[in-house]
1. Taking L137, is it part of a helix (DSSP H, G or I), closer than 19 Å to A19 by Cβ and either touching a residue at least 40 places away in the same chain (Cβ under 8 Å) or touching a Pro at 6+ places or on another chain (Cβ under 8 Å) (or both)?
2. Against the definition (aliphatic (A, V, I, L, M), surrounded by fewer than 18 Cβ atoms within 10 Å (Cβ to Cβ), closer than 28 Å to R133 by Cβ and modelled with pLDDT of 95 or more), how does A76 come out, yes or no?
3. Among the candidates G70, G101, single out the residue that is touching a Phe, Trp or Tyr at 6+ places or on another chain (Cβ under 9 Å), farther than 22 Å from T146 by Cβ, touching a residue at least 12 places away in the same chain (Cβ under 8 Å) and not in a strand (DSSP E or B).
4. If you check every pair at least six apart or on different chains, which have Cβ atoms under 6 Å apart with a residue in segment 40-66 that is among the hydroxyl-bearing types (S, T, Y) first and a residue that is assigned to a helix (DSSP H, G or I) second?
5. Looking at (1) β-branched (V, I, T); (2) surrounded by 15 or more Cβ atoms within 10 Å (Cβ to Cβ); (3) within 20 Å of E22 (Cβ to Cβ), find the lone condition where I155 falls short.
6. Please go through segment 148-175 and give me each residue that is under 15 Å from V92 (Cα atoms), in a loop (DSSP other than H, G, I, E, B) and either among the aromatic types (F, W, Y) or in contact (Cβ under 8 Å) with a residue 24 or more places away in the chain (or both), ordered by number.
7. Quick check: is even one residue across segment 37-44 at pLDDT below 95 and acidic (D, E)?
8. Of the conditions (1) assigned to a loop (DSSP other than H, G, I, E, B); (2) at pLDDT 95 or above; (3) within 15 Å of the chain's Cα centre (by Cα), N55 satisfies every one except a single condition; which number is it?
Amino acid sequence: MIETTADDRAFPPALTEVAGVEFDYDDGEGVDFEPYDAFDSAEETTDWLRHWTGNHDLDADAYRVFGQDGTGGLAALWCVRPGLPLAEQPVVFLGSEGERGVVAANLSDFLWVLADGLGPLEVVEYDQFVGRRNARLAELAGRHATTPRRTTEEIVTAARAEFPTFSDDLDALCR
């Protein structure tokens, strides 16, 4: 089991496979998501969080950035559950224009969101819960997910209920 620590940057195998999938944005009708094949470095993540919040005293040890949308909004694992592996941490999105929200309670649930044809931007900025299902991502989720398949709306609603102060907590960091 991988312990979540400040220096833990091992990329989960499921995200490695997601990085091999081409997401079709299709003029606004698809998924605006560009997955990475490794986490951003701790330095890059800290620099981004400091600029995003305007608070240059912060470090970003709690975030593992693994993708972005076309405008530069970032998807990350939020390491808020001490002692649990990265795959058990919630997935969050912080948009380029201040949008932010919890997408899924863990990596498994996030895989099901992708399989439903949605990405972090669509879920957080547009509260979109229905997309064009993706057979390749559904197969990937079926192999890697440890949670049962549920609808995106069920996944997002449960994650938001579990972490209701995420947005307010970020506001408290802003200067």
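1. On the way: part of a helix (DSSP H, G or I): yes; closer than 19 Å to A19 by Cβ: yes; either touching a residue at least 40 places away in the same chain (Cβ under 8 Å) or touching a Pro at 6+ places or on another chain (Cβ under 8 Å) (or both): yes.
For L137, the condition - part of a helix (DSSP H, G or I), closer than 19 Å to A19 by Cβ and either touching a residue at least 40 places away in the same chain (Cβ under 8 Å) or touching a Pro at 6+ places or on another chain (Cβ under 8 Å) (or both) - is met.
2. Details: aliphatic (A, V, I, L, M): yes; surrounded by fewer than 18 Cβ atoms within 10 Å (Cβ to Cβ): no; closer than 28 Å to R133 by Cβ: yes; modelled with pLDDT of 95 or more: yes.
Spelling it out, it is not the case that A76 is aliphatic (A, V, I, L, M), surrounded by fewer than 18 Cβ atoms within 10 Å (Cβ to Cβ), closer than 28 Å to R133 by Cβ and modelled with pLDDT of 95 or more.
3. On the way: G101 fails: not in a strand (DSSP E or B).
Of the residues listed, the single one that is touching a Phe, Trp or Tyr at 6+ places or on another chain (Cβ under 9 Å), farther than 22 Å from T146 by Cβ, touching a residue at least 12 places away in the same chain (Cβ under 8 Å) and not in a strand (DSSP E or B) is G70.
4. The qualifying pairs are T53/L173; Y63/T45.
5. With respect to (1) β-branched (V, I, T); (2) surrounded by 15 or more Cβ atoms within 10 Å (Cβ to Cβ); (3) within 20 Å of E22 (Cβ to Cβ), I155 is out only on (3).
6. F163
7. Checked segment 37-44: no residue is at pLDDT below 95 and acidic (D, E).
8. (3)
The values are calculated or read from the model by the stated rules, or taken from the named source; none is laboratory data. Here the structure is a predicted model, which means the values were calculated and not measured. Every residue, glycine among them, receives a Cβ derived from its backbone with ideal geometry; neighbour counts consider all protein chains shown.
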